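Notes to accompany the following structure.
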Amino acid sequence: MKIVIDENIPFAEEFFGSLGELVKVPGRSIPGDALAKADALIIRSVTRISEDLLDSAPCLKFVGTCTIGTDHVDAGLLSQRGIAFKSAPGCNRISVGQYVMSSLFFLGEKENISLRNRSIGIIGGGNTGSSVEFYAKLLDMDVKVYDPYLQTGGSPRERKYVSFQEALDSDIVTFHVPLTRDGEYPTLHMFSGEVINSVRSGTVLVNASRGDVWDNAALLERMKDRGDLTLIMDVWEHEPEVLIPLIGHTLISTPHIAGYSTEGKLRGTSMIASEFCRHFGLGADLPQEKELLGISDAAVRHSCDSFEETWRAYALDVYNPLRDSLIFREKYRDPASFDLMRKKYPGRREWSSIRISIDNAELKSRMSEAGFTVV
């Protein structure tokens, strides 16, 4: 079996090496001849599934994207051609949630402010939005979720939903929606110039969903005129092309890597490999996360007075988003540099990757609940 796979998909050999002949290709520009005899195509969000691409793959039976988002795939077209399609929903939910919280912890440390009791509006209550919601509630933040689709379906039942405007009125507003262009609630430019200009001064805005959800040009004008918002941006309208002047107005700016934890990447590959085996009726013994990744002891033991201080200290030890932001500011020049930063991403681990020792029983329990390995 011939498996064409994006060369930047991690753990490809470990999960797919024994399942067929692997052909690694650049995901943004797959050579047509590489697909001529391909049985399966494994991609990331940089590959767009179109008629032209499929016309060069007459033997294709399976397409899998190792990502939570699917806006780069024409699923209807695949269905018409009898090609199975699978994505990896939830694979990076922990990674994105921790990226957002680490960014907010960085802000809290920089400004010497507490996140506790502050309001946070979560636009989109799916996998990554739910992850942020979970962490925010652990900090006793005032959580407001806007998601008309989930609200209509009554899921989850214990969640109280608010209107878009109520969520926007929060101290912190973070976006976790897919990119959609039609339907009752399209998300393309849902954060439009009109909405941007209505946001109150001092609001912290986070986008870890899709770049085209925000009108970047309108946001730049607001920042040039007033400069009164705090911006944390992992995604950009028209990426890999970025509105360069906007970078200078951000607190944290990164090249679409919120979901790029080592664990998140592994889960995405693992989920698609499992779907691949299920589709082709293979009984392969796939590797487990614990076999491929280890746990290390924390380099520093922090003695803090509160749960928030302890969590912030260890979270920023594991991953401080300022690292990636400084690299992005220094190295972004053009779309090619955006892709290169993603390709050569130095990696990061999730909070579970470090073993911490805490004597206080309550702190020990709460840090374990936050996802750390506590002894």
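The values are calculated or read from the model by the stated rules, or taken from the named source; none is laboratory data. Given the structure is predicted, the values throughout are model-derived calculations rather than measurements. Cβ sites come from the backbone with ideal geometry, for glycine too, and all protein chains shown count toward neighbours.
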*Just one of 210, 159, 181 is under 26 Å from residue 259 (Cβ atoms), surrounded by 20 or more Cβ atoms within 10 Å (Cβ to Cβ) and basic (Lys, Arg); which is it?*
210
*Could you check, for region 253-264, whether at least one of its residues is among the aliphatic types (A, V, I, L, M) and touching a Cys at 6+ places or on another chain (Cβ under 7 Å)?*
no
*Which condition number does residue 129 fail, the rest of (1) more than 30 Å from residue 60 (Cα to Cα); (2) touching a Pro at 6+ places or on another chain (Cβ under 6 Å) being met?*
(2)
*Considering region 73-109 alone, what residues qualify as being over 21 Å from the mean Cα position of the chain (by Cα), assigned to a helix (DSSP H, G or I) and touching a residue at least 40 places away in the same chain (Cβ under 8 Å)?*
108, 109
*Taking residue 47, is it more than 22 Å from residue 142 (Cβ to Cβ), in the same structural domain as residue 273 (by TED's automatic domain parsing) and in contact (Cβ under 8 Å) with a residue 60 or more places away in the chain?*
no
*Tell me, please, whether a residue that is among the small types (Gly, Ala, Ser) and either part of a loop (DSSP other than H, G, I, E, B) or in the same structural domain as residue 51 (by TED's automatic domain parsing) (or both) can be found in region 113-121.*
yes
_Return the pair list, or none, for Cβ contacts closer than 9 Å from residues in region 170-198 that are on the phi > 0 side of the Ramachandran plot to residues that are small (Gly, Ala, Ser), at least 6 apart or on different chains._
189/218
*Scanning region 26-49 for residues that are surrounded by fewer than 19 Cβ atoms within 10 Å (Cβ to Cβ) and outside any loop (DSSP other than H, G, I, E, B), which turns out modelled with the lowest pLDDT?*
32
*Taking region 64-91 on its own, how many of its residues are of a type in the set (Gly, Ala, Ser) and within 12 Å of residue 44 (Cβ to Cβ)?*
4
*Which ones in region 140-159 are closer than 14 Å to residue 126 by Cα, part of a loop (DSSP other than H, G, I, E, B) and more than 23 Å from the chain's Cα centre (by Cα)?*
154, 157
*How many of the residues in region 228-264 are touching a His at 6+ places or on another chain (Cβ under 7 Å) and either free of Cβ contacts under 8 Å to residues at least 60 places away in the same chain or not assigned by TED's automatic domain parsing to the domain that holds residue 107 (or both)?*
2
*Which of the residues spanning region 293-314 are within 26 Å of the chain's Cα centre (by Cα) and at pLDDT below 90?*
294
*Can you find a residue in region 265-283 that is assigned by TED's automatic domain parsing to the domain that holds residue 10, outside any helix (DSSP H, G or I) and among the small types (Gly, Ala, Ser)?*
yes
*asked:* Please determine whether any residue of region 14-21 is in contact with a Leu (Cβ under 9 Å, 6 or more places away or on another chain), crowded, with 20+ Cβ neighbours inside 10 Å and in a loop (DSSP other than H, G, I, E, B).
replied: no
*asked:* For region 327-375, give me each residue that is part of a loop (DSSP other than H, G, I, E, B), more than 19 Å from residue 98 (Cα to Cα) and either polar (S, T, N, Q) or in contact with a Leu (Cβ under 7 Å, 6 or more places away or on another chain) (or both).
replied: 357, 360
*Consider only pairs whose beta carbons are under 9 Å apart and that are at least six residues apart or on different chains; among these, list those whose first residue lies in region 321-338 and is over 23 Å from residue 26 (Cα atoms) and whose second residue is of a type in the set (Gly, Ala, Ser) and assigned to a loop (DSSP other than H, G, I, E, B).*
321/258; 329/248
_Looking at region 357-375, I want the residues that are under 14 Å from residue 318 (Cβ atoms) and have a partner that is among the charged types (D, E, K, R) and part of a strand (DSSP E or B) with Cβ atoms under 8 Å, at least 6 apart or on another chain. Which pairs are those?_
373/355; 374/355
*Could you tell me whether residue 323 is surrounded by fewer than 14 Cβ atoms within 10 Å (Cβ to Cβ) and either outside any strand (DSSP E or B) or hydrophobic (A, V, I, L, M, F, W, C) (or both)?*
yes
*In region 290-312, which residues are in contact (Cβ under 8 Å) with a residue 12 or more places away in the chain and surrounded by 13 or more Cβ atoms within 10 Å (Cβ to Cβ)?*
292, 293, 298, 302, 307, 308, 310, 311, 312
_Tally, over region 217-244, of residues that are touching a helix residue (DSSP H, G or I) at 6+ places or on another chain (Cβ under 6 Å) and assigned to a helix (DSSP H, G or I)_ = 4
